[in-house]
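Let me begin by presenting the structure, written as structure tokens, before commenting on it.
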Amino acid sequence: MTALPHNSNPVTKPVAMAIGSCAFTVPLLLSASSAPSPNHPRIFLWYKSLREPSFKPPDASFPVAWTAIEAALAVGGYRLARAEASPARTKALALWAWNVVAIGGWSRLFFKQRRLGLSTVAAAGLVATSAAFVREARPVDRSASRSGLPLLGWAVFATVLTASIWHLNSGRGR
């Protein structure tokens, strides 16, 4: 067995690819039971009954946006996993993982639990953690850092959108 050079990275490409793929699989698994689709008629009907602000994009744009966001995060997760091991990389990967989980968690809060106020707080929290990811990943890998910008931008928009939906529907209960 050959010893690894001092600065080598023990994370193989397949392992890094598996880590990156979590950007798609984890949110999907966390939100699968709460998607506002005909497969979940109660959630679907509740969602369709909400009053929405005029600036809300068409529903068809959401899967397109999330595919792009998660693809960017997958690249970032892969690049960080392949970067030289360091405390900075560990911190950036931890923030990356938190954001990946938070994406699916928000969906459960909003759609399944119908917690509009808490969903607004969670979206604002995602702004903070995605900004922290961008900041902490930058010294490790600038491309990985930039991979968090679509999430950061969307999280800012989602916070405003969720707050508006909460405000427009505040007297309705769950």
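Only the coordinates and a few stated rules stand behind these numbers; no lab work does. Note that the coordinates shown come from a computational prediction; the quantities given were computed from them, not determined experimentally. Counting neighbours? That spans all protein chains shown, and the Cβs are built from the backbone with ideal geometry, glycine included.
What the table shows:
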item: Estimated distance in nm for a label pair at Val156 and Gln113, the labels positioned 7 Å out from Cα along Cα-to-Cβ; result: 2.7
item: Cβ-Cβ FRET estimate between Ala60 and Ala94, R0 fixed at 41 Å, reported to 0.05; result: 0.75
item: Choice from Phe55, Phe157, Phe133 with maximal GNM fluctuation in the chain (Cα, 10 Å cutoff); result: Phe55
item: Alpha-carbon Rg with Dmax, taken over the range 3-137, Å; result: 17.4, 62
item: Highest-fluctuation residue, Pro139, Pro58, Pro87 considered, GNM on the chain with Cα pairs under 10 Å; result: Pro58
item: Virtual spin-label span in nm between Thr12 and Leu50, 7 Å along Cα→Cβ; result: 4.3
item: At least 27 Å along the helix axis (C-alpha) and Kyte average at least 0.5, DSSP helices within the chain; result: 13-31, 61-82, 87-107, 116-137, 149-168
item: In the chain, lysine pairs closer than 25 Å at Cα, eight or more apart or cross-chain; result: 4
item: Estimated FRET transfer efficiency when R0 is 41 angstrom, pair Arg138-Leu168 (beta carbons, to 0.05); result: 0.65
item: 222 nm mean residue ellipticity, helices alone, for the chain (DSSP H n ≥ 4; -39,500 (n - 2.57); rounded to 500); result: -22500 deg cm²/dmol
